[in-house]
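Worksheet: one structure, shown below.
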Amino acid sequence: METHISCLFPELLAMIFGYLDVRDKGRAAQVCTAWRDAAYHKSVWRGVEAKLHLRRANPSLFPSLQARGIRRVQILSLRRSLSYVIQGMANIESLNLSGCYNLTDNGLGHAFVQEIGSLRALNLSLCKQITDSSLGRIAQYLKGLEVLELGGCSNITNTGLLLIAWGLQRLKSLNLRSCRHLSDVGIGHLAGMTRSAAEGCLGLEQLTLQDCQKLTDLSLKHISRGLTGLRLLNLSFCGGISDAGLLHLSHMGSLRSLNLRSCDNISDTGIMHLAMGSLRLSGLDVSFCDKVGDQSLAYIAQGLDGLKSLSLCSCHISDDGINRMVRQMHGLRTLNIGQCVRITDKGLELIAEHLSQLTGIDLYGCTRITKRGLERITQLPCLKVLNLGLWQMTDSEK
């Protein structure tokens, strides 16, 4: 009996089409009526994000998306009003407007005029015209929001955070990268320090404060007291925090990932505070912290030996520090020591001997290592990623 793919039940075709990328799903739908019907099954499009250029009216666009069960939308260019999208996608779950520079408070205000209970994620990154006024609308009508991306929205102030803390109690992830008007007062609002005005976003699990230059150790005190369920905290390029602030973070038992990249006032003392607390970190980044040296590696080995990922790029560490660390860090998977110019082949040999679970290592700019050390590193059984930028073989090794 001759068999052909056209003989398959529509349910089986839908299962097969589910493995295709978005473009091929659309092509499959154009083959014939049977394939179209199978390709339009909601299971085929589960989790897919539609990427749209909204330039002119298309009456069939949103009914087509809804028929396929698509509830996640990214707007690549916004030439029409945002309300056109909101009205067309009644059950929208995720809306990505990142980089829509022409989006204004007025446009967002016309779109959000009633509660949208289905929306869980909103990305407004680099929508530079957005101000606290829009956050008021969001807090009023998007109370089910769990993810809010505001990176690069440089007009947002502490008042905007007060509005978020008032209206978005279900928020789990908040990105405030480069919102440079924010200060300790705003972080206090998020952490519930002003309960008379706002409850706070006490369920936050991820908070990105990268490049928020006005923040000080007081913000970390607020975070440690109010955001006790936080799992990821990004403080990179926050030059106003110091070792004393890390003392506040050192007993946050839920915290798993801490980014202190380019925090110029963090030193060995701050790492000591983290190591002597009750943290259970799996990821730590102190790259470009000029005051972090070998003593920090000893502290990490003593109190942060559960780390899976450690970044120390451009820190003042040497082979001695590597020696003091690697004997206790057997579970380490990723080690970034790029531009640590004091590391030599001896350090690489110690890494190769003790960190057998390592899957990735960054040696960019480690100019004192040679072919001998690299040969040892490449023998690591689990190694998949090796970055050797700026390394050159000497004439004697060629």
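List of remarks:
- Which listed pairs, of Lys308/Lys371; Lys51/Lys128; Lys128/Lys214, have C-alpha distances above 24 Å, in listed order: Lys308/Lys371
- Shape of region 49-241, Cα gyration tensor, a/c cut at 1.5: prolate
- Shape call, region 233-281: gyration tensor on alpha carbons, a/c limit 1.5: oblate
- D_trans [Stokes-Einstein, Kirkwood Rh over alpha-carbon pairs] for the chain, 37 °C, 0.692 mPa s, µm² s⁻¹: 137 µm²/s
- Cα-based radius of gyration for region 167-231, normalised by 2.2 N^0.38 Å, reads 1.00.
- Placing a pseudo-label 7 Å from each Cα along the Cα-to-Cβ vector at Val113 and Glu93 gives an inter-label distance of 2.8 nm.
- Anisotropy class of region 132-216 from Cα gyration tensor, a/c 1.5 cut: rounded
- Partner aspartates and glutamates for Lys384 [C-alpha distance under 14 Å; skip if fewer than 8 residues away on the same chain]: Asp362
- Looking at region 70-121, the trypsin sites (Lys or Arg not before Pro) that sit in a DSSP loop and have at most 12 other Cβ atoms within 10 Å of their own Cβ are Arg79.
- Per residue, the chain exposes 46 Å² of solvent-accessible protein surface, assessed with a 1.4 angstrom probe and all protein chains in place.
- Between amide H atoms placed 1.01 Å from N, distances below 5 Å from Ser267 occur with Asp243, all of them 5 or more places distant or on a separate chain.
- Length gained on full extension, Arg195 to Val147, computed as 0.36 nm times the residue gap minus the Cα-Cα distance: 15.1 nm.
- Linear extension gain, Arg23 paired with Gln66, 0.36 nm per residue minus alpha-carbon span: 13.7 nm
- Projected label distance in nm at Asp320 and Leu386, using a 7 Å step from Cα toward the beta-carbon: 2.9 nm
- Estimated inter-spin distance, Arg368 and Arg80, nm [label 7 Å along Cα→Cβ]: 6.3 nm
- The largest-to-smallest principal axis extents of the Cα set in region 253-397 are 49, 30, 22 Å.
- Amide proton proximity set for Thr157, modelled H, under 5 Å, gap of 5+: Asp132
- Taking 4 °C and 1.567 mPa s as conditions, region 167-318 diffuses translationally at an estimated 85 µm²/s according to Stokes-Einstein applied to its Kirkwood radius (Cα pairs).
- Highest GNM mean-square fluctuation among Arg137, Arg55, Arg177, for the chain modelled with Cα contacts below 10 Å: Arg55.
- Computed from Cα positions, the angle between helix 132-141 and the longest principal axis of the chain comes to roughly 60 degrees.
The values are calculated or read from the model by the stated rules, or taken from the named source; none is laboratory data. Since the structure is predicted, the reported quantities are computational estimates derived from the model, not experimental observations. Quick reminder, even Gly has a Cβ in these numbers, built from the backbone with ideal geometry, and neighbours come from all protein chains shown. Accessible surface is based on the protein model in full, side chains and every heavy atom, while ligands, DNA and RNA are left aside. Shrake-Rupley method; radii C 1.70, N 1.55, O 1.52, S 1.80 Å.
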